[in-house]
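Step one of this worksheet: look at the structure below.
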Amino acid sequence: MGNIKVIMKNHCCEQMKLASTLNCEQHKNIFECPDVLINYIPKFNEYGIIIHDGGSAILSISYCPFCGKKLPESKRDLWFEQLEKLGFENPSEEEIPKEYSTNEWYKNL
């Protein structure tokens with residue numbers, strides 16, 4: 001990741017950490033591995049249950065399915081708002097600042 005400092009995520013419980021970690025010798029992608037149940041997207045600080053249907057779909061969640069703790073609010077809308085303020089019209093198709101590819105962008109908000 002070069003010079004970008006990434007904020008490490010402390011998940012709410014050990015089960016959440018295990019369910020969102022790819023530790024598999026057979027699969028290289030979380031969406032292919034049936035043992036990975038949760039997708040954590042650092043740049044949005046967002047959790048979702050993986051829908052294992054051959055694609056990359058997730059169902060966003062607000063509470064941990066294991067310990068019941070409220071999860072952080074997604075920063076997805078704020079991410080788009082911040083990039084729009086910087087002049088980006090379609091961030092998924094434009095080259096955006098590197099910190100917006102990680103969770104670094106919201107560190108000082």
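The values are calculated or read from the model by the stated rules, or taken from the named source; none is laboratory data. Note that the structure is a prediction, hence the values are computed from the model and not measured. Heads up, the Cβs are rebuilt from the backbone with ideal geometry, glycines too, and the neighbour counts pull from every protein chain shown.
Tell me which residues, restricted to region 27-85, are part of a loop (DSSP other than H, G, I, E, B) and among the β-branched types (V, I, T).
I30, V36, I51, I61, listed by residue number.
If you take the residues of region 37-70 that are in contact with a Ser or Thr (Cβ under 6 Å, 6 or more places away or on another chain) and among the hydrophobic types (A, V, I, L, M, F, W, C), which of them is surrounded by the most Cβ atoms within 10 Å (Cβ to Cβ)?
I38
Tell me, please, whether a residue that is among the acidic types (D, E) and either surrounded by 17 or more Cβ atoms within 10 Å (Cβ to Cβ) or at pLDDT 95 or above (or both) can be found in region 75-82.
yes
Can you name every residue in region 93-109 that is within 17 Å of E46 (Cα to Cα) and not in a helix (DSSP H, G or I)?
T102, N103, K107, L109
Please go through (1) surrounded by 14 or more Cβ atoms within 10 Å (Cβ to Cβ); (2) touching a residue at least 60 places away in the same chain (Cβ under 8 Å); (3) among the basic types (K, R) for K107 and return the number of the only condition it doesn't satisfy.
Condition (1) is where K107 drops out.
Could you list, in sequence order, the residues of region 36-73 that are in contact (Cβ under 8 Å) with a residue 12 or more places away in the chain, over 26 Å from Y100 (Cβ atoms) and of a type in the set (D, E, K, R)?
The one that is in contact (Cβ under 8 Å) with a residue 12 or more places away in the chain, over 26 Å from Y100 (Cβ atoms) and of a type in the set (D, E, K, R): K69.
I'd like the residue in region 83-109 that is hydrophobic (A, V, I, L, M, F, W, C) and over 30 Å from V36 (Cα atoms) and, out of all such residues, is modelled with the lowest pLDDT.
Here the residue is L109.
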